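A short worksheet on the structure shown next.
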Amino acid sequence: MTDVRRMLARLNPATSRLEVGNGGGCELTPQDVAAALAFVPAGLGREVLCALWWPEGARLSREALHEAIAERQRAEFARRRQVLEVAQLELHCAEEAVFGTNRVSTDTRVRVAGLRAKAAVAKDQVWPWRPEMHVVIRRAVLDELARPNLCPDCGGAGEMMLEALRITCETCEGRGVLPVSDRARAARIDRDEASYRRTWRPMYEWLLRLLSDAEAQARRELAAALRTCDEVAPVPRA
C-alpha cells in the first residue's frame with residue numbers, strides 16, 4: 001500500500017483528485033481515506049498526522065495543537081522537577097541521620113553515596129526554565145516531522161530498482177530517511193551545536209520521540225482502516 005500519509009494528503013484541496021481505475025482494480029478514493037480516518041482514535045497522534053498531511057481535517061487548530069503539545073511538555077517538566085525534589089529529600093534525610101549518630105556503618109555510607117549519585121542524575125535530567133525555548137523547540141520538532149530528512153538515493157521510498165529487481169536501499173537501510181545531525185537541529189532552534197548538546201538536546205529528543213511515536217501509531221491505525229476499506233470496496237462493473 002502507498003504510504004498512508006501521502007494518501008491522506010489527497011484530501012487537501014490543492015492536490016485532491018479522483019483516480020479512475022488501477023489496471024481494472026478498485027482505487028481507494030479520497031472519500032475512502034476520509035472514512036478510514038474516522039476510525040483513527042482522536043488524540044495527539046491523529047492531530048499531529050492531520051496537521052502535517054491534512055491541516056483542514058485536523059480537529060484542533062494549529063494554536064490548539066501547540067497548546068496540547070505544550071501540556072505534555074509542562075507535565076514532563078514538572079515530573080522531572082518532582083523526581084529531583086524526591087531524590088534530594090531522600091538524600092537530606094539520610095545525611096541528617098548520619099550527622100545524628102557517632103558511628104556510621106559501611107552500609108549507611110554506601111546508601112548515602114548511592115542517594116547522592118541518584119540526586120546528581122536527577123539534577124542532570126531537569127530541563128531548564130526557559131519558556132521561550134520550549135515554544136521554539138515545539139515548532140522545530142513539528143517542522144522536522146513535516147520535512148523529514150529523506151534519503152537522497154531512494155527519495156524516501158526505502159527501496160530501489162536494480163534492473164528488474166527491487167532491493168532495499170543501502171544508504172538508509174530501508175528506512176527512507178537519514179538521521180538529522182545535532183548541528184542541523186541546533187540551527188533549527190537558533191543555537192550553536194555545543195549549547196544544543198549541553199542544554200536542549202534532551203528536551204528536543206524527548207518531544208521528537210513523543211510526537212513521532214504518536215503519529216506512527218495513528219498512521220498504523222489509518223493503514224489498518226484503509227486495508228479494510230480496500231477489502232470491502234465493490235468491484236466496478238465492466
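No value in this document is a laboratory result; all are computed from the given coordinates. Note that this is a predicted model, so its numbers are computed, not measured. Cβ sites come from the backbone with ideal geometry, for glycine too, and all protein chains shown count toward neighbours.
On average over all directions, what projected area in square nanometres does the stretch 29-87 have, based on the convex hull of its Cα atoms?
4.9
Cα-based Rg of the stretch 154-209 per 2.2 N^0.38 Å, rounded to two decimals?
Working: Rg = 16.0 Å, N = 56, 2.2 N^0.38 = 10.2 Å.
In units of the 2.2 N^0.38 Å rule of thumb, it is 1.58.
Taking just the alpha-carbon atoms of the stretch 52-165, what radius of gyration and Dmax come out, in angstrom?
24.3, 82
Quick one: net charge around residue 132, please, counting Lys, Arg +1 and Asp, Glu -1 for every other residue with C-beta under 13 Å from its C-beta. Kindly include the intermediate steps, with their values, before the conclusion.
Numbers: positive: 130, 138, 139, 191; negative: 190.
Local charge sum for residue 132: +3.
In whole Å, how far is the Cα centre of the stretch 98-167 from that of the stretch 188-209?
If you average the Cα positions of each part, the centres end up 10 Å apart.
What does the charge add up to near residue 214, with Lys and Arg as +1, Asp and Glu as -1, over the other residues with Cβ less than 13 Å from its Cβ?
+1
In whole Hz and in residue order, list the ³J(HN,Hα) couplings for the stretch 42-53 that follow from phi through the Karplus curve 6.51 cos²θ - 1.76 cosθ + 1.60, θ = phi - 60°; x for Gly and Pro.
Working through the residues one at a time gives 5, x, 4, x, 4, 5, 5, 4, 5, 4, 7, 10 Hz.
Once phi is turned into θ = phi - 60°, what whole-Hz ³J(HN,Hα) does the Karplus curve with 6.51, -1.76 and 1.60 give for every residue of the stretch 180-186, x standing for Gly and Pro?
So the Karplus estimates, Gly and Pro as x, are 8, 6, 4, 5, 5, 5, 4 Hz.
Any chance you could tell me what percent of the C-alpha pair distances in the stretch 4-232 go past 31 Å?
Roughly 43 percent, rounded to a whole number.
Defining a contact as two alpha carbons under 8 Å apart and six or more residues distant in sequence, what relative contact order in percent does the stretch 4-232 show?
Result for the stretch 4-232 is 27 percent.
In what sequence do 163, 205, 144 fall when counting other Cβ within 10 Å, fewest first?
Listing 163, 205, 144 from fewest to most nearby Cβ atoms yields 163, 205, 144.
For the stretch 120-193, which semi-axes, largest first and in whole Å, follow from the square roots of 5 times the eigenvalues of its Cα gyration tensor? Show your work: numbers first, answer last.
Numbers: eigenvalues 253, 39, 18 Å².
Over the Cα atoms of the stretch 120-193, the ellipsoid semi-axes are 36, 14, 10 Å.
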